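Heads up, the thing below is written out as structure tokens.
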Amino acid sequence: MTMTGPLKVVGFLVALVAVFAAALGVGYAVGPVSTSTSEPMAGHTDEGGDHAAGHDPAMAEEVPGGLMVSQDEYTLRVHQAAARPGRDVPVSFTIEGPDGRPVTAYDVEHGKQLHLIAVRRDFSGFQHVHPELGSDGSWSTDLDLTPGEWRLFADFNPTGGVGLTLGTDLSVPGDYQPERPSGTVRTARVDGYTVTLAGDLTPGADSELTMSVARGGRPVTDLQPYLGAYGHLVALRDGDLAYLHVHPEGAPGDGSTRPGPEIVFEAAVPSSGDYRLFLDFRHDGVVRTAELALVTAGHGEGKSHGHG
Ligand SMILES: [Cu+2]
């Protein structure tokens with residue numbers, strides 16, 4: 001696989017630069033301290049593309065999403081101290097707002113008011129679900145849980161606020177064997193589909209990743225829109241599970257974006273490291289998840305301490 005140049009031309013549209021879903025968000029709304037301004041993820045556009053060639057310090061300094069249970073006066077509170085292992089295990093939670101009460105008003109982002117990602121801390125069991133909101137502000141969903149420590153990410157935009165991703169742990173009692181680290185994984189198989197990944201992640205710079213979807217050796221050219229896009233990519237950093245939600249370049253129906261086999265993403269990761277990549281795509285009416293992994297350039301794989 002060749003290294004991807006930072007300025008590989010996509011050409012058919014203005015690049016949507018995906019940054020960490022929880023933009024820094026200092027000092028908006030009721031917070032009296034304001035040292036900087038930032039925009040929610042959806043507001044970031046890359047007008048000239050000229051910063052793509054180099055390091056963008058402002059972007060690199062943003063706090064990644066999903067690391068905190070409470071941020072900007074919003075708090076994620078899971079109602080269960082622990083959950084039993086099993087399929088379709090009920091899990092409920094609330095988002096508490098600046099007034100300490102459950103938030104009941106959310107903006108719709110990517111077709112939903114809230115996106116919940118659940119993954120065991122060793123990266124097994126990834127699920128992306130859309131809980132139901134009760135009138136009292138409690139969110140309910142079912143998860144398939146195996147014993148171990150799980151991480152939950154709530155990705156939402158409270159009405160009047162900015163987009164946030166809060167994260168918390170959920171213990172599931174029982175014996176378990178942690179999955180081994182994967183290293184780089186550029187080919188994933190799921191339900192007869194093969195997803196291959198081209199491109200590399202360069203810390204602090206926009207990195208183009210191209211996912212190609214095939215079934216039975218034939219490229220899939222009729223992907224279906226899922227939540228307004230042909231693919232949704234969640235990247236999680238090994239070590240702390242920092243969360244990055246990336247959307248593809250181009251949207252269904254924009255006149256230039258084809259429904260596969262390639263889905264092109266532009267991702268910006270803040271540091272070197274190992275990143276797990278979970279691609280949700282929809283075909284024949286079913287959403288499937290392909291699991292891939294990249295080690296950033298210059299970050300030694302496994303026990304190797306060599307460079308490059
Ligand atoms: Cu979602």
Legend entry - the range 139-242: GluC sites (Glu not before Pro) in DSSP coil with no more than 15 other Cβ atoms inside 10 Å: GLU179
Legend entry - Net charge of neighbours whose Cβ lies under 10 Å from the Cβ of GLY273, counting Lys and Arg as +1 and Asp and Glu as -1: -2
Legend entry - Cβ-based net charge around VAL108, under 15 Å, with every Lys or Arg adding one and every Asp or Glu removing one: -3
Inset, instruction - Take ASP206, ASP222, ASP200 and order them by how many other Cβ atoms sit within 10 Å, fewest up front. - result: ASP222, ASP200, ASP206
Legend entry - Enclosed volume per residue, in Å³, of the convex hull spanned by Cα atoms of the range 195-308: 113
Legend entry - Cβ-based exposure ranking for TYR230, TYR176, TYR74, in which fewest neighbours within 10 Å come first: TYR176, TYR74, TYR230
Inset, instruction - Please report, in debye to the nearest 20, how large the charge dipole of the range 204-264 is about its Cα centre when each Lys and Arg carries +1 at its beta carbon and each Asp and Glu carries -1 there. - result: 300
Inset, instruction - Evaluate the charge dipole of the range 139-285 about its Cα centre and quote only its size in Debye, nearest 20, assuming +1 on the Cβ of each Lys and Arg and -1 on the Cβ of each Asp and Glu. - result: 340
Inset, instruction - Name the residue farthest towards the positive end of the dipole of the range 193-308 from the options SER271, GLY253, PRO219, assuming +1 on Cβ of Lys and Arg, -1 on Cβ of Asp and Glu, about the Cα centre. - result: PRO219
Inset, instruction - Based on other C-beta atoms within 10 Å, arrange PHE126, PHE156 from fewest to most. - result: PHE126, PHE156
Inset, instruction - Based on a Kirkwood Rh over C-alpha pairs, give the Stokes-Einstein translational diffusion coefficient of the range 87-219 at 37 °C and viscosity 0.692 mPa s in µm²/s. - result: 188
Legend entry - Given charges at beta-carbon only (K, R positive; D, E negative), |dipole| of the range 135-225 in Debye: 440
Inset, instruction - Obtain the nm distance between the two label points defined at ASP142 and PHE126 by a simple spin-label model: each point lies 7 Å from its Cα along the Cα-to-C-beta direction. - result: 2.3
Inset, instruction - Return the distance in nm (one decimal) between the two label points of a simple spin-label model at ASP222 and VAL287, each offset 7 Å from Cα along Cα→Cβ. - result: 2.2
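Every number in this text was worked out from the coordinates using simple rules, so none of it is lab data. As the structure is a prediction and not an experimental result, all values here were calculated from the model. Every residue, glycine among them, receives a Cβ derived from its backbone with ideal geometry; neighbour counts consider all protein chains shown.
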